[in-house]
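**Student:** The structure follows.
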Amino acid sequence: MTEHKLSERNHSESKKQLRDIMRSMRTALSLNEQRELSKKACARLLSGSEWHAASVVALYMSVRGEIDCGALLQNAWEKNKKVLLPLCSADEPGKMRLVCC
């Protein structure tokens, strides 16, 4: 196996391990903690100059305890920002594309 292939494999394994750790940490939070942390994260983003200056934003619909971006989505639509959301393809596992909503 080439050094490049080993590096890619190690990188993929590291990313998977990190994802597993983060998922475990999120699921350990209570629903109230998840909601409160989501509100704080969204408030922080909404108060930033980058958010106000952006005409296009990429968001996601939360799953498995991820930060709820609902407040960001609502604000983006109110401010007439173009919103891009990932769309996963059942035909191509591991692949996604951004669609405008």
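The values are calculated or read from the model by the stated rules, or taken from the named source; none is laboratory data. Being a predicted model, the structure only gives us computed values, none of them experimental. All Cβ positions, glycine included, derive from the backbone under ideal geometry; neighbour counts span all protein chains shown. All accessible areas refer to the heavy atoms of the entire protein, side chains included, with ligands and DNA or RNA removed. Shrake-Rupley method; radii C 1.70, N 1.55, O 1.52, S 1.80 Å.
**Student:** Modelled label-to-label distance, Lys82 and Thr27, 7 Å Cα→beta-carbon offset: nm?
**Tutor:** Each label point is offset 7 Å from its Cα along the Cβ direction, giving 3.7 nm.
**Student:** Here is a follow-up. Suppose R0 equals 35 Å. What FRET efficiency, 1/(1 + (r/R0)^6) with r the Cβ-Cβ distance, do Glu36 and Cys100 give to the nearest 0.05? Working shown, then result.
**Tutor:** Values: r = 31 Å, r/R0 = 0.88.
That gives a FRET efficiency of 0.70.
**Student:** Ignoring ligands, DNA and RNA, what accessible area per residue does the chain give at 1.4 Å, in Å²? It would help to have the intermediate numbers written out before the result.
**Tutor:** Details: 8110 Å² over 101 residues.
For the chain, the solvent-accessible area averages 80 Å² per residue.
**Student:** Round to a whole number: what % of the accessible area of the chain belongs to carbon and sulfur, probe 1.4 Å? Intermediate values should be presented prior to the final figure.
**Tutor:** Working: 4560 of 8110 Å².
With neighbouring chains kept in place, the figure for the chain is 56 percent.
**Student:** Let me ask you something else. Within the chain, what's the longest run with no trypsin sites (Lys or Arg not before Pro) in a DSSP loop and at most 14 other beta-carbon atoms within 10 Å? Give the range, please.
**Tutor:** On the way: sites that count: Arg64, Lys79, Lys95.
Of all site-free stretches, the longest is 1-63.
**Student:** Match the structure shown to one of the listed values (i) 8.8; (ii) 11.4; (iii) 7.6 of mean projected area of the Cα convex hull in nm², computed from it, and give that label.
**Tutor:** (i)
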